[in-house]
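One structure below.
The values are calculated or read from the model by the stated rules, or taken from the named source; none is laboratory data. Every value quoted in this text rests on a predicted model; they were computed, and no experiment measured them. FYI the Cβ positions are ideal-geometry reconstructions off the backbone, even for glycines, and counts take in every protein chain you see. These accessible areas exclude ligands, DNA and RNA; they are computed on the full protein's heavy atoms, side chains included. Shrake-Rupley method; radii C 1.70, N 1.55, O 1.52, S 1.80 Å.
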Amino acid sequence: MCKAWDDHKKRGIQEGMQRGMQQGMQQGRLFEIYLSVQEGDYSAKRGAEKAEMSLDEFEKAMSKAGYKIPELV
């Protein structure tokens, strides 16, 4: 293969890895927020604010991820 193709391929792999890491960090942050709400460290309303979601969106996402809102436990 030519050098230009190899460079293009490497750049694509690097960009994909970077996007994957960013998504993983965002997901990890959300899971930490969900856990903090589930454990009662702060309210679902505060969790939604931290996650930059509406309360309804947050509660649905939290439930979908397998976490429980304390009022529902």
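Taking G16 as the residue in question, decide whether it is more than 12 Å from the chain's Cα centre (by Cα) and either of a type in the set (V, I, T) or not in a helix (DSSP H, G or I) (or both). It is false that G16 is more than 12 Å from the chain's Cα centre (by Cα) and either of a type in the set (V, I, T) or not in a helix (DSSP H, G or I) (or both).
Against the numbered list (1) part of a helix (DSSP H, G or I); (2) at pLDDT 80 or above; (3) among the acidic types (D, E), D41 comes up short only at (1).
Given the structure, is Q26 among the polar types (S, T, N, Q) and in contact with a helix residue (DSSP H, G or I) (Cβ under 8 Å, 6 or more places away or on another chain)?
Details: among the polar types (S, T, N, Q): yes; in contact with a helix residue (DSSP H, G or I) (Cβ under 8 Å, 6 or more places away or on another chain): no.
In short, no.
Within the range 46-73, take every residue that is of a type outside the set (S, T, N, Q) and assigned to a loop (DSSP other than H, G, I, E, B) and give me the one that is most open to solvent (accessible area, probe 1.4 Å). Here the answer is E52. Pairs linking a residue in the range 3-22 that is open to solvent by 100 Å² or more (accessible area, probe 1.4 Å) to a residue that is part of a helix (DSSP H, G or I), with Cβ atoms under 6 Å and 6 or more positions apart or on different chains, do not occur.
With respect to the conditions (1) modelled with pLDDT under 80; (2) under 19 Å from the mean Cα position of the chain (by Cα), S54 lacks only one, and its number is (1). Out of curiosity, is Y34 in contact with a Phe, Trp or Tyr (Cβ under 8 Å, 6 or more places away or on another chain), open to solvent by less than 60 Å² (accessible area, probe 1.4 Å) and not in a helix (DSSP H, G or I)? Against the criterion (in contact with a Phe, Trp or Tyr (Cβ under 8 Å, 6 or more places away or on another chain), open to solvent by less than 60 Å² (accessible area, probe 1.4 Å) and not in a helix (DSSP H, G or I)), Y34 does not qualify.
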